Amino acid sequence: QNVCNQICTNTNGSFYCECFSGYQLSDDMMTCVVPCSFGDIRLVNGMNSSEGRVEICIAGTYGTVCDDFWDDDDARVVCRQIGYFGGTALSFARFGEGSGPIWLDNVFCTGFESELLECPHNGIGNHNCAHYEDASVRCSPVPCIHGDVRLVNGSNSYEGRVEICIDGTYGTVCDDFWDDTDAEVVCRQTGYLDGMALSFAFFGEGTGPIWLDNVFCTGS
């Protein structure tokens, strides 16, 4: 029986498949798939390519990641690795339970790693989880550019809480030593001229990371 990328034969009631060059048998021993590379990440069962259950390739086989200590720092690394920016962590098999091996547990990323396997974890295959704990992510498909500045919650476009984009995610700036010289630089960057510094979350508190503190601009 010829099935596009494989040849399967039935010999004395024993069904056996062989894959063509460039393919390998999947776990069911019946389907030929393109082998994955060590450390590859894919998102499964999402509504689009930017969300889904996290699966990582180890020894040519995709498996899941346990959601113990799974947080947005881990999600950010996953999203960066597959070409997105920013990430929200989702737990308890949000996109359905996987099957096969659970490759990683107790993942502790800082959020700045390039690949998930760079993050501390229990060791490959060392876990105390079941598939109802499979980790998932939702990535931000439209990134901001590193260093971009925006003003949020003002009554017009030239006032608001200062937020800066770092690593594809907007975060705030602490007001320690924040003065009009700093404000002037922000306003120039966003297309305006002079600026007046405002402190103590004048336009409301932000969420997420606080990227900068003790900013000392010269104004130039």
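Can you name the residue in region 136-185 that is over 27 Å from F112 (Cα atoms) and assigned to a strand (DSSP E or B) and, of all such residues, is most open to solvent (accessible area, probe 1.4 Å)?
This residue is N153.
Just give me the residues in region 206-219 being touching a residue at least 24 places away in the same chain (Cβ under 8 Å) and open to solvent by 60 Å² or more (accessible area, probe 1.4 Å), in sequence order.
G208, I210, L212, D213, N214, F216, T218 - these are the residues of region 206-219 that are touching a residue at least 24 places away in the same chain (Cβ under 8 Å) and open to solvent by 60 Å² or more (accessible area, probe 1.4 Å).
Being within 15 Å of I56 (Cβ to Cβ), open to solvent by less than 50 Å² (accessible area, probe 1.4 Å), over 20 Å from the mean Cα position of the chain (by Cα) and not aromatic (F, W, Y) is the requirement here; does C129 meet it?
yes
For P141, work out the one condition from (1) at pLDDT below 90; (2) out of contact with any Ser or Thr (no Cβ under 9 Å at 6 or more places or on another chain) it doesn't fulfil.
Of the numbered conditions (1) at pLDDT below 90; (2) out of contact with any Ser or Thr (no Cβ under 9 Å at 6 or more places or on another chain), the odd one out for P141 is (2).
Quick one: how many residues across region 71-100 are open to solvent by less than 40 Å² (accessible area, probe 1.4 Å) and of a type outside the set (G, A, S)?
Selection size over region 71-100: 7.
Sort out which residues of region 27-41 are part of a strand (DSSP E or B) and either on the phi > 0 side of the Ramachandran plot or modelled with pLDDT under 95 (or both), and write them in order of number.
C32, V33
Tell me, which residue of region 42-68 that is open to solvent by 20 Å² or more (accessible area, probe 1.4 Å) and assigned to a strand (DSSP E or B) is modelled with the lowest pLDDT?
By that ranking, first place goes to T61.
Here's the yes/no breakdown for (1) touching a helix residue (DSSP H, G or I) at 6+ places or on another chain (Cβ under 8 Å); (2) more than 13 Å from V137 (Cα to Cα):
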position: Y62; (1), (2): no, yes
position: D67; (1), (2): yes, no
position: G86; (1), (2): yes, no
position: A93; (1), (2): yes, no
position: I102; (1), (2): yes, yes
position: V107; (1), (2): yes, yes
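The values are calculated or read from the model by the stated rules, or taken from the named source; none is laboratory data. Model, not experiment: these values are computed from the prediction. In this analysis, Cβ positions are derived from the backbone assuming ideal geometry, glycine residues included, and neighbour counts consider all displayed protein chains. Surface areas here come from the heavy atoms of the whole protein model, side chains and all, with no ligands, DNA or RNA. Shrake-Rupley method; radii C 1.70, N 1.55, O 1.52, S 1.80 Å.
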